[in-house]
Amino acid sequence: VRAARKLIDVDKVSVIMGTWASSVTTAVAPLCWESKTFLCTVSGSDSITLLPHQGYLIRTQPNTTLQGRKFGEYALELGGKRVFYMSPQTPFTQSTFNNMKAALEKGGGTAELLIYDDKKPSLRTEVDQAMRYKPDLIFMGGYAPDTTVLVKDIFRADFKGKLLTLAYAVNQKVAEANPEATEGVHTIAPSPAEGSGAFKKVAEIAKTAAPDPYTCQVYDHTNLVLMAIAQGKDASGAAIRENIRKVSQGGGKPVEDALEGLKAIAAGEKVDYTGASGPCDFTDIGDILDCKFRYEQARKGKIELVRIV
């Protein structure tokens, strides 16, 4: 909040981009809409776009309704009929669990939720509680630091079922540092538009062959905002709000970066931006309409792609 206040009050920015944790976005969003500062976020909690943001917010991350359903469907595919969901308390925990449980129950499964303290150095007591449920799959709903503690304690408990988590919780760094504990862990995440021109540009900028979904989304935020400013001939937050959908949906010349888009806008053409994260089409409340998902698995300390759907 202090950082956002400094950007708004001192630096007089018209847009803030890339807020990640849902708790951060929830805290920053009121400052933005009250000051008519536009906010682009990669947070997933359903509650964010339900805030009274007056149109001063979009997100390129799919909401927890969509993500929770995908988690439940994948858990069933992995053979999970009794799923134990372990997570710290976050703005998206309950919504994700509810949607995951609904998908599981539709497929004949069931689920139980346990909220843990993510500051604890050991979660063995919570793991023992999970074991008493006799799950065939444990879903780990936290972030990388607490999930690292959790997956080690699950490994020590000699759990024989499947493990599923968010891709940022067991990423390449976590897998490399804990190859035994993370062996076989399945992960899921919104997928960038691999193979697109925008994705290739992000890979070049980030100097990696596989830029993560959030880097791709923030790249898209930047391009969208620049084109919205050009479209409205005005760099204010209010102008960005009024023009960001005009450059990203509704047809027009397909473009994959702002440089191409700015030339077209200057020539009086309508543009339709498709980015590194995929189509950037938004609902009235700011949710992304659709995206693909990336399914991966930790094997011998490496994160390996299973499929993109």
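The values are calculated or read from the model by the stated rules, or taken from the named source; none is laboratory data. As the structure is a prediction and not an experimental result, all values here were calculated from the model. Using ideal geometry, Cβ is built from the backbone for each residue, glycine included, and neighbour counts are taken over all protein chains shown. Protein only, heavy atoms only, side chains kept; ligands, DNA and RNA dropped before computing areas. Shrake-Rupley method; radii C 1.70, N 1.55, O 1.52, S 1.80 Å.
Just grab the label-to-label distance for residue 124 and residue 307, each label 7 Å out from Cα along the Cβ direction, in nm (one decimal).
Here the answer is 4.0 nm between the modelled labels.
Would you tally the net charge around residue 88, using a Cβ to Cβ cut-off of less than 15 Å, leaving residue 88 out, and scoring K and R as +1, D and E as -1?
Once all neighbours under 15 Å are counted, the net charge is -3.
Starting from the Cα of residue 173, move 7 Å in the Cα-to-Cβ direction to define the label point; list residues of region 289-303 whose amide nitrogen is under 14 Å from there.
Backbone N within reach: none found.
Please list the three semi-axes, largest first and in whole Å, of the ellipsoid equivalent to region 3-44, using sqrt of 5 times the eigenvalues of its alpha carbon gyration tensor.
Rounded to whole Å, the semi-axes are 17, 9, 9.
Rounded to the nearest 20 debye, what is the charge dipole size of region 139-298 about its Cα centre when +1 sits on each Lys and Arg Cβ and -1 on each Asp and Glu Cβ?
140 debye
Given +1 on the Cβ of Lys and Arg, -1 on the Cβ of Asp and Glu, and no further charges, what dipole in debye does the chain carry about its Cα centre, rounded to the nearest 20?
Once rounded to the nearest 20, the dipole reads 240 debye.
Go through 251, 262, 308 and say which Cα lies farthest out towards the positive end of the charge dipole of region 229-309; charges sit on Cβ, +1 for Lys and Arg, -1 for Asp and Glu.
308
Work from the charge dipole of the chain (Cβ charges, +1 for Lys and Arg, -1 for Asp and Glu, about the Cα centre) and give the residue of 13, 235, 175 farthest towards its positive end.
175
Stretch residue 131-residue 20 to full length: gain in nm at 0.36 nm per residue minus the Cα-Cα span?
36.7 nm
Here are some values of Cα extents along the principal axes in Å: (1) 57, 42, 32; (2) 70, 50, 36; (3) 64, 38, 37. Which one was computed from this structure?
So the structure-derived entry is (3).
Say R0 is 41 Å: what FRET efficiency, to the nearest 0.05, do residue 112 and residue 289 get from their beta-carbon distance?
After rounding to 0.05, the efficiency reads 0.80.
List the trypsin sites (Lys or Arg not before Pro) within region 230-266 that fall in a DSSP loop (any state other than H, G, I, E or B) and whose Cβ has at most 13 other Cβ atoms within 10 Å.
Working: sites: 233, 241, 245, 246, 263; in loops: 233.
For trypsin sites (Lys or Arg not before Pro) across region 230-266 that sit outside H, G, I, E and B with at most 13 neighbouring Cβ atoms in 10 Å, the list reads 233.
Using a Förster distance of 25 Å, how high is the FRET efficiency between residue 233 and residue 253, based on the Cβ-Cβ distance and rounded to 0.05?
So, using R0 = 25 Å, E works out to roughly 0.85.
If you bin the C-alpha pair distances of region 206-309 every 5 Å from 0, what whole percents do you get?
2, 12, 20, 21, 16, 10, 8, 5, 4, 1, 0
Using a Förster distance of 41 Å, how high is the FRET efficiency between residue 34 and residue 267, based on the Cβ-Cβ distance and rounded to 0.05?
Efficiency, rounded to the nearest 0.05: 0.65.
Could you size up the charge dipole of region 176-235 around its Cα centre, putting +1 on the beta carbon of Lys and Arg and -1 on that of Asp and Glu, and report it in debye to the nearest 20?
420 debye
Over region 165-256, what relative contact order in percent results from Cα pairs under 8 Å that are six or more residues apart? Mind showing how you got there, number by number?
Working: 61 pairs, mean separation 16.7, N = 92.
With pairs under 8 Å counted, the relative contact order is 18 percent.
Taking all protein chains as present, what is the carbon and sulfur share of the accessible area of the chain, in % to the nearest whole number, probe 1.4 Å?
Carbon and sulfur atoms account for 55 percent of the accessible area of the chain.
I'm a student and want to see the number: the projected area of the Cα convex hull of region 27-131, averaged over all directions, in nm².
Averaging across all directions leaves 7.9 nm² for the Cα convex hull.
Just how far, in whole angstrom, is region 29-65 from region 92-112 if you go by their alpha carbon centroids?
Distance between centres, Cα-based: 25 Å.
Using a probe radius of 1.4 Å on heavy atoms only, what accessible surface per residue do you get for the chain? Whole Å² is fine.
Heavy-atom accessible area per residue stands at 45 Å².
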